[in-house]
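Accompanying notes for the structure given below.
The values are calculated or read from the model by the stated rules, or taken from the named source; none is laboratory data. Keep in mind that this is a model prediction, so the values were computed, not measured. Heads up, the Cβs are rebuilt from the backbone with ideal geometry, glycines too, and the neighbour counts pull from every protein chain shown. Surface accessibility is based on the protein's heavy atoms, side chains included, excluding ligands, DNA and RNA. Shrake-Rupley method; radii C 1.70, N 1.55, O 1.52, S 1.80 Å.
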Amino acid sequence: MAADQAKDARQAELRASVISELPNVDFVLGYAKGFDPLHATPITVRSEKDAARLIFDATCVQNLTTGLYGLKGKRIGLVVKGCDSRSVVQLLQEKLVERSELVIFGMPCDGVLDLAKIRVRTDITQVRGAEVTGEEVRLLLPDGPKVLPRRDVLADKCLRCRYPNPIVSDHLIGQELTPQGAEDTYADLDGFEKLSPQERFDFWKRQMSRCIRCYACRNACPLCVCKHVCLADSRDPHWLSAEATLQEKWLFQVMHALHLAGRCTECGECQRSCPMGIPILLLKRKMNRELKELFNYEAGVDPEAVPPLHTFLMEEDKIKDRGQLW
Amino acid sequence: MRIGVMVCHCGNNIAATVDCEAVAAAAREFPDVVYATDHMYACSDPGQKTIEQTIRDLKLDGVVVASCSPRMHEMTFRRAVERAGLNRYMFEMANIREHVAWISLDRKRNTQKATDLVRMAVEKLRVDRPLTPKSFDVQKRVLIVGGGVAGIQAALDCADGGLDVLLVERKASIGGIMSKLDKTFPTIDCSVCVLGPKMVDAGQNPRITLHTCSEVEEVSGYVGNFEVKIRKRTTYVDWTKCTGCGACQEKCPSRKVPDAFNENISLTTAINIPFPQAIPKRATINAAHCIRLTKGKCGACAKICPTGAIDYEMQDEIITEKVGAIIAATGITLFDHTRLGEYGAGRYPDVVTSLAYERMLSASGPTAGHIKRPSDGREPKTVVFISCVGSRDRSVDRPYCSGFCCMYTAKQAILTRDHIPDSKAFVFYMDIRANGKGYEEFVRRAQEEYAVEYVRGRVAHIYPTAGPDGGQLMVRGADTLLGAQVEVAADLVVLAVGAESSTGAPELAEKLHISYDHYGFFMESHPKLRPVETNTVGIFLAGACQGPKDIPASVAQASAAAGKVLALLSKDKLESDPQIALVQAIRCIGCGKCERTCPFGAIRMRELRDGSKRAEVVETVCQGCGICSVTCPVRAIQLQHFTDSQLLAEVNALCRTWDETTES
Amino acid sequence: MQDMGRDYRIIGFLCNWCSYGGADAAGVARFSQPTDLRIIRVPCSGRVDPMFVAKALLSGADGVLVSGCHPRDCHYTEGNLYARRRLEMLRRFLPVLGVDEGRFEYIWVSASEGSRWRDMVTKFTDKIHQLGPMPRMTEPARTLCALDGMLGQSLAQPDMTQPGQPVLPDWSKPAPPLTPRADAMLSMSDIAGIAPETKGDGNGR
Ligand SMILES: Cc1cc2nc3c(=O)[nH]c(=O)nc-3n(C[C@H](O)[C@H](O)[C@H](O)COP(=O)(O)OP(=O)(O)OC[C@H]3O[C@@H](n4cnc5c(N)ncnc54)[C@H](O)[C@@H]3O)c2cc1C
Ligand code: SF4
Ligand code: SF4
Ligand code: SF4
Ligand code: SF4
Ligand code: SF4
């Protein structure tokens, strides 16, 4: 099949590029086949043998820039999708990583799968094989194949993706794509905000009370570079206690959203990693929407941009003088 | 921890609406509180003695006083606890007077609220830590930027008080606007006769070093220890050799140079001494007009100069000086009337600015004190003055009043009538602002004794017209008192241009880390109570740079600023406030965000041996605003005495109190 | 307006130089004001961490008011200008948490504006009284929470390229009954708690 050939060609190109750069880097972070047909797994490539395991397809969901900050000082090769490249840009903007220490293999990407969406449609433990084509995802189940429309099981971020092509890269692998998503309409947020405050409050109360405080969300976030000294774990200042109360869990999510204000690129890793399926990305999307509206700012697209909360205008054009309003 | 609480009655001020005994009784139940009492006047001598005694007797580690606003008596009580051997920061105040007793008569709720506030203070105190100020040496020198009358006055006062003074002036001579004036209101005494001696004093005082043709390039450091880089612009004349004889000026063939000192109504030479009374009286070459510097030929001045002072190769020089305090006295510039089409946008030579008119009036000016029309040199018989040009005018973003224009317009009208007795003077005005000693009387004299005609109204239009003796200007406006249009055929029109902040004032403010308003005037620390201080400790304001001011006010403020500097630098050592930011190095990840947001440049990134970075606060520069704390994602930088934990303790105390009240 | 027979829980963060002085001035002038507000003094509105506000609201405060110097008048030059951006972001963010936007406000009051302070406090307090007390943070029943988790509410977005095809999640309704997430880290005791007779919307209503 043509699609398959294209995929194979791209994989071969990736492997060749990686091999060509191996002498210049300590290692390359990329994807390999995971434990089942729906999972890819991150690997570190140090040799040609490792490179032969590299893949790139719709199962490569992880954002490999997470943890990049901890590797400062090493020379790292990195396989990034369009969305992941925004995390790199953001890290560069904050001078948290050095551009000269990175070799970036940019992968134009037409979408990755959202396992949560497949999970509600089928028992994913039974999947024996998977094949993704332009329009559909064909799952091989013990009782025969099951075909799902591809758009139904793509990650949300892919459906509204405006940066399918990496913003920064040293090696661009394969053909650039035309962005399929239009401006983000924030329809999900609009829908949510139609609820009354009380309903919203109850929604989060329910959601947050399920949080097990595993901090998988934080640990997956490429921009939580300070996780080793995270404010959530600190005794002085003492923001959060060790008690697993609703308040503490909720406040942590507020903390995460506020710390990511003007930085979050909506890679979605936090929500994807949450074992409890708590829709925490919604909070960050809210933040981003407001930032866009107030400061016309979007994180992770311009390494030279000034973060909106680290600057000000004497006369803000979008912020009304409060006290006059009521 | 052992905490003592004192609830003050403030006579009846608090006790009338708060049950102070009940508050004290409730406080006894709070954690770590070992003693709580109420007192008639906590701040009185017996009150303070009781506090001190109790600290000693009960071995207290901290004290809470619930009384008036901390803005009132925090220092009083801090000193009291210090006398008893406690650290002054182991003290908290609950404001139960201004924020409780005085705003509500509901005794029950007041008492509850007062109790909550005491609880909040106790909880904060429980996480307070002793802090000690650091002391450091000071430079007993002061930098004054701007050598107008304000700068000169401040320099003389500081030098009198025993300080070394650096006076930096952008122009070739000190003197500012006042040196260009003819006479001054309301006394009509000669401007240069009063200013001249001061300029000479400033030039001769061994404690004062003048740096003219100079500007401040960079300021770093902090109160007591500023480091200033000064750019001395090249003059192409070695001033150590120049004697100010003026021979060069006579020989210079480039004679078509607009004379800036005379507001460009006359011409001068490329090499010149700006005016006879200039201090320092030294020649400078105007490079743009010097034939030698532009075309490579000439060199007439070098040939004539008896001391060989001319040096065409001379370069700018940057010197570095250390000072303990800085006074900004950069004054004003004038509104550019060519922006206004209704007054001819600068097209009519016989429409002049008030300052140019001062030069015409001045006996040492280009016309030797004879008023002549720039267009044809004829003596004007009708002079129209228009006030508020670029003042109180929203359309040009100058809504403020320049303060002194009404007065100098009256002065100039009087002088016009003095110089040309058969002349007529008209003043178009909006309102007359004459609120100073003898000012109103002065304007009255203009109107009554000198028959100056005051027309209340705005001028809509000036246009040329052929008068009986050649070109005249028709000034058309409304007389709002008569409710009629008026037209005056004028020989000369003088525009009372308003004051603007001096050129480059915002840039200077940024170098000094002081604030400025929308118009570029420097901001004082408090409009009433700290009018000469800025919010950066050690930097003061004098004269019109803080807002339009006449000479008496400028001089008064200059002396005030000098007084502040003398008081500040009278100490050999200064203490730094310990309520500053501190970095927890183990938590800092060196992201540098704090450095970017600190308004005072108080944070430096220090590189560790492993190449990683940590933020570091320069204690003497940090002003304790806490902006950095909120910027830091890990909150690794904390403002001492207002740490996250301390403020959270207060928040938690309040929330807990409520939980308890709701449950009960 | 609800009168609880006690003060509402309103916290104020006031900068030392302007607003705290303004509140003092209002007291000195004996301007009568509601008693609900409890004031915490901070050096600058730039010191006010939006998280203090969030923390207070999630800990049961009914309202939070931040007040600083007017823009341009900050004692520290720029503190309130940073604060303005941070607090505006927070103000716009709070509603998504279900915190009514009226519960948080930030204003500028100078040390001389005692009467303005009185007006602001009175208006803000009135508004909080109208909104009533903040919802309490009691834990919802554990079993119902577990149910939400198992259903793994999907956040599918509408198809952006083909308008008119909204597949929006209905946030107020529980997701349709689906196979439990076999790989979710739900403890068995949680799942075991789901009684078949559990009706309603999973919201305890
Ligand atoms: C036409 C006119 C008539 C007036 N008549 C009267 C009167 O009769 N009576 C009266 O009381 N007042 C009068 N005034 C007002 C008076 O001029 C001012 O009050 C006075 O000059 C203010 O003094 P100053 O020292 O603050 O500022 P200035 O006189 O403006 O002096 C400031 C000095 O600082 C220098 N400077 C500026 N920026 C810098 C910099 N960045 N670095 C170094 N140096 C710098 C300037 O070159 C200047 O020398 C009149 C004003 C005008 C315009
Ligand atoms: S990953 Fe999910 S469960 Fe874990 S802390 Fe984050 S929100 Fe809570
Ligand atoms: S907060 Fe979530 S979506 Fe945003 S950058 Fe971090 S992981 Fe990605
Ligand atoms: S939540 Fe905040 S403090 Fe914790 S790791 Fe993320 S950014 Fe750092
Ligand atoms: S508290 Fe922080 S931001 Fe403020 S002056 Fe000090 S170091 Fe700078
Ligand atoms: S913002 Fe915080 S972590 Fe970053 S450099 Fe400053 S103190 Fe360190």
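Each row is one residue, and each column tells you yes or no for (1) closer than 19 Å to B:His9 by Cβ; (2) crowded, with 18+ Cβ neighbours inside 10 Å; (3) not small (Gly, Ala, Ser).
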{"position": "B:Asp32", "(1), (2), (3)": "no, no, yes"}
{"position": "B:Asp45", "(1), (2), (3)": "yes, no, yes"}
{"position": "B:Thr54", "(1), (2), (3)": "yes, yes, yes"}
{"position": "B:Leu60", "(1), (2), (3)": "no, yes, yes"}
{"position": "B:Ala66", "(1), (2), (3)": "yes, yes, no"}
Q) Taking segment A:295-326 on its own, how many of its residues are open to solvent by less than 10 Å² (accessible area, probe 1.4 Å) and part of a helix (DSSP H, G or I)? A) 2
Q: Answer yes or no: is there a residue in segment A:74-84 that is surrounded by fewer than 18 Cβ atoms within 10 Å (Cβ to Cβ) and on the phi > 0 side of the Ramachandran plot.
A: no
Q | Members of segment B:404-427 that are touching a Ser or Thr at 6+ places or on another chain (Cβ under 8 Å) and more than 14 Å from B:Leu492 (Cβ to Cβ) | A | B:Cys405, B:Cys406, B:Tyr408, B:Lys411
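Just to be sure before I move on: is B:Val634 within 7 Å of another protein chain (Cβ to nearest Cβ), at pLDDT below 95, in a loop (DSSP other than H, G, I, E, B) and buried (at least 18 other Cβ atoms within 10 Å of the Cβ) in the structure I sent?
Against the criterion (within 7 Å of another protein chain (Cβ to nearest Cβ), at pLDDT below 95, in a loop (DSSP other than H, G, I, E, B) and buried (at least 18 other Cβ atoms within 10 Å of the Cβ)), B:Val634 qualifies.
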Q.
Which of the numbered conditions does B:Tyr89 fail, given that it passes all the others? Conditions: (1) touching a residue at least 40 places away in the same chain (Cβ under 8 Å); (2) in contact with a Gly (Cβ under 9 Å, 6 or more places away or on another chain); (3) part of a loop (DSSP other than H, G, I, E, B).
A. (2)
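Quick one: which of B:Ser554, B:Ser629, B:Ser559 is within 16 Å of ligand 1 (Cβ to nearest atom), among the polar types (S, T, N, Q) and buried (at least 21 other Cβ atoms within 10 Å of the Cβ)?
Result: B:Ser554 is the single residue among B:Ser554, B:Ser629, B:Ser559 that is within 16 Å of ligand 1 (Cβ to nearest atom), among the polar types (S, T, N, Q) and buried (at least 21 other Cβ atoms within 10 Å of the Cβ).
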Q) From the set of residues in segment A:176-186 that are away from ligand 3 (no atom under 15 Å from the Cβ) and modelled with pLDDT of 85 or more, which is least open to solvent (accessible area, probe 1.4 Å)? A) A:Leu177
Q) Going by the conditions given, is A:Arg121 part of a loop (DSSP other than H, G, I, E, B) and of a type in the set (Lys, Arg)? A) yes
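Residue-by-condition table, conditions (1) open to solvent by 60 Å² or more (accessible area, probe 1.4 Å); (2) in contact with a His (Cβ under 6 Å, 6 or more places away or on another chain); (3) under 30 Å from B:Asp550 (Cα atoms):
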residue	(1), (2), (3)
B:Gly244	no, no, no
B:Pro253	yes, no, no
B:Asn264	yes, no, yes
B:Asn272	no, no, yes
B:Ile291	no, no, no
B:Tyr312	no, no, no
B:Ile319	no, no, no
Q. Can B:Lys593 be described as open to solvent by less than 20 Å² (accessible area, probe 1.4 Å), of a type in the set (D, E, K, R) and either more than 16 Å from ligand 2 (Cβ to nearest atom) or more than 7 Å from every other protein chain (Cβ to nearest Cβ) (or both)?
A. yes
Q: Mind listing just one residue for me: the one in segment B:615-626 that is more than 8 Å from every other protein chain (Cβ to nearest Cβ) and either open to solvent by 50 Å² or more (accessible area, probe 1.4 Å) or polar (S, T, N, Q) (or both) and, of those, nearest to ligand 6 (Cβ to nearest atom)?
A: B:Glu616
Q | Search result, residues across segment A:268-302 that are under 19 Å from A:Cys83 (Cβ atoms) and either in contact with a His (Cβ under 9 Å, 6 or more places away or on another chain) or of a type in the set (Gly, Ala, Ser) (or both) | A | A:Gly268, A:Cys270, A:Ser273, A:Ile280, A:Leu283, A:Lys284, A:Ala299, A:Gly300
Q.
Go through segment A:214-257 and report how many residues are at the interface with another protein chain (Cβ under 8 Å from one of its Cβ atoms), more than 17 Å from A:Gly277 (Cβ to Cβ) and open to solvent by less than 30 Å² (accessible area, probe 1.4 Å).
A. 13
Q: Consider B:Gly390 carefully, then state whether it is open to solvent by 10 Å² or more (accessible area, probe 1.4 Å) and farther than 30 Å from B:Leu156 by Cβ.
A: no
Q: For segment B:241-268, name all the residues that are in contact with a strand residue (DSSP E or B) (Cβ under 6 Å, 6 or more places away or on another chain) and polar (S, T, N, Q).
A: B:Gln249, B:Asn264, B:Thr268
Q.
Residues to consider are A:Val79, A:Val88; find the one that is in a helix (DSSP H, G or I) and either in contact (Cβ under 8 Å) with a residue 12 or more places away in the chain or not assigned by TED's automatic domain parsing to the domain that holds A:Gly144 (or both).
A. A:Val88
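Here's the yes/no breakdown for (1) more than 9 Å from chain C (Cβ to nearest Cβ); (2) under 17 Å from the mean Cα position of the chain (by Cα):
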residue: A:Asp114; (1), (2): no, yes
residue: A:Ala130; (1), (2): yes, no
residue: A:Tyr163; (1), (2): yes, yes
residue: A:Asp170; (1), (2): yes, no
residue: A:Gly174; (1), (2): yes, no
(Q) I'd like the residue in segment B:570-590 that is at pLDDT below 90 and not in a loop (DSSP other than H, G, I, E, B) and, out of all such residues, is nearest to the other protein chains (Cβ to nearest Cβ). (A) B:Ser576
Q. Within segment B:491-499, is even one residue without any contact (Cβ under 8 Å) to a residue 60 or more places away in the chain and either in contact with a Pro (Cβ under 9 Å, 6 or more places away or on another chain) or assigned by TED's automatic domain parsing to the domain that holds B:Thr382 (or both)?
A. no
Q) Since C:Glu105 meets every condition but one in (1) touching a strand residue (DSSP E or B) at 6+ places or on another chain (Cβ under 7 Å); (2) acidic (Asp, Glu); (3) open to solvent by 20 Å² or more (accessible area, probe 1.4 Å), which condition does it not meet? A) (3)
(Q) Taking the conditions exactly as written (of a type outside the set (Asp, Glu) and over 30 Å from A:Asp57 (Cβ atoms)), does A:Arg160 satisfy them or not? (A) no
(Q) I need a count of the residues in segment B:296-327 that are more than 30 Å from B:Gly563 (Cα to Cα) and part of a strand (DSSP E or B). (A) 2
(Q) Against the conditions (1) modelled with pLDDT under 90; (2) under 28 Å from A:Asn296 (Cβ atoms); (3) within 14 Å of ligand 2 (Cβ to nearest atom), where does A:Arg206 fall short? Just the number, please. (A) (2)
Q. Looking only at segment B:519-539, which residues are at the interface with chain C (Cβ under 9 Å from one of its Cβ atoms) and touching a residue at least 12 places away in the same chain (Cβ under 8 Å)?
A. B:Met523, B:Asn535, B:Thr536
Q) In this structure, does B:Pro421 turn out to be outside the structural domain of B:Ala544 (by TED's automatic domain parsing), in a loop (DSSP other than H, G, I, E, B) and touching a Lys or Arg at 6+ places or on another chain (Cβ under 7 Å)? A) no
Q.
Being hydrophobic (A, V, I, L, M, F, W, C), within 16 Å of ligand 3 (Cβ to nearest atom) and out of contact with any Cys (no Cβ under 6 Å at 6 or more places or on another chain): is that true of A:Leu195 here?
A. no
